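Notes to accompany the following structure.
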Amino acid sequence: MPVRKRYNCSLLEHNTMSIDAKAKEFISYDTVEELIAILCEIRDKGQRILHIGRGSNLLFTQDFDGAVLHSGIKFIEYVSRSNQEIIVRAGAGVVWDDFCAQMAQKNYYGCENLSYIPGEVGASAVQNIGAYGVEVESIIQEVETIEIATGTRRVFKVEECEYGYRDSIFKNRLQGQYIVTAVVYRLSTAAVVNLEYGQLKELRSQDAVPSAQEIREAVIAIRKSKLPEPSELGNAGSFFKNPVVPVEVFNELAAVYSELPHYVLNDKQVKIPAAWLIDKCGWKGKCHGGAAVYEKQPLIIVNRNKATAADIKELATLIQQSVYDKFRINIYPEVNYI
Ligand SMILES: Cc1cc2nc3c(=O)[nH]c(=O)nc-3n(C[C@H](O)[C@H](O)[C@H](O)COP(=O)(O)OP(=O)(O)OC[C@H]3O[C@@H](n4cnc5c(N)ncnc54)[C@H](O)[C@@H]3O)c2cc1C
């Protein structure tokens, strides 16, 4: 299909928070060559650019006065196989969970714990998506990109991507400078599993190591029982990142709250679940305008009743303030404000 352009386009169908913002221009493309041509045209017009995937981690706070780009580069290609590894390359526009489904069906291990995370392959490498003890950086080999300013190709080795917790060079130091066109993953044909997290531990009691498909199905069942489906209730997943605090701060808090859940990162830092902090401040189920804190998981802000971006932003700020007032800990949005 050729490049598709729409003007004054509603973004309602392009963000899972269901915010009805508009983009001056919305452009979809299917090949790297088309993308390079589009970038050249946009540069000539001096327009702002925002590249999106499924919009499952975005909050449009206002109309976007520029061009919103979306990739239709969809392929999954098996590059090579050696010993117990398989190298798979996927186009940025592939739906992330379609990729996970195909890998699990072939019993390739590595992304089964990341099943059912909304979004596309391109964003997986930008966001360093993570769930159930696994982050996507552990299976990324390379990220193929186009530089927006020049239209030239650049391949980032995983070591160059500066991955951290829900963080990467593309979200941080080089934010808005590169568009991901494909990602090369390294998966395992041997059973390398991570069943340390919560209910997944139950799979450890089986006699045989579970297949990638079995783990995928367990992950999907857990996620469906806990998280709201964006098609039924607008949301962007975890609204806040889990704060990482110095061990001294953690010790002071643990002296007051003996039940404080935590995860020791190293001898200096401890990660605390933001959901616990928010819950302790009494936010579960609370509404602000059309926005609300999800009653089953306080880390999620939902669009309960035609919420505006202002409702959501204000609610997020109120939550941040109350967590700070009670615990003296800052929590920051994981969701990208646009
Ligand atoms: C119900 C629900 C559950 C979720 N659970 C999880 C979870 O368990 N773990 C987790 O990590 N996340 C989770 N998320 C968040 C979200 O799914 C991820 O952040 C996902 O990677 C976003 O993908 P997307 O395609 O929708 O990207 P978007 O939200 O459209 O974009 C996210 C960012 O990536 C950039 N981007 C997108 N595509 C490209 C590209 N091709 N090139 C360059 N930049 C690009 C955008 O500019 C933006 O900065 C959840 C979200 C929801 C709604």
Between Tyr263 and Asp63, what length comes free when the chain is fully extended (0.36 nm per residue of separation minus the Cα-Cα distance, one decimal in nm)? 68.1 nm
Using alpha carbon centers only, segment 50-87 is separated from segment 265-338 by a whole-angstrom value of 27
Interchain or sequence-distant (5+) residues whose placed amide H lies within less than 5 Å of the amide H of Asn336 are Leu58, Leu59
Shape call, the chain: gyration tensor on alpha carbons, a/c limit 1.5: oblate
GNM, the chain, Cα, under 10 Å: largest mean-square fluctuation among Glu120, Glu85, Glu142? Glu85
Can you put Trp283, Trp96 in order of Cβ neighbours within 10 angstrom, beginning with the fewest? Trp283, Trp96
If R0 is 56 Å, what FRET efficiency do you get for Gln321 and Arg81 from their C-beta distance, rounded to 0.05? 0.60
Counting other beta carbons within 10 Å of each Cβ, put Asp20, Asp30 in order, fewest first. Asp20, Asp30
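Coordinate-derived values only; no laboratory data. Since this is a predicted model, take the numbers as computed values, not measurements. Don't worry about glycine lacking a Cβ; one is built from the backbone with ideal geometry, like all the others, and counts go over all protein chains shown.
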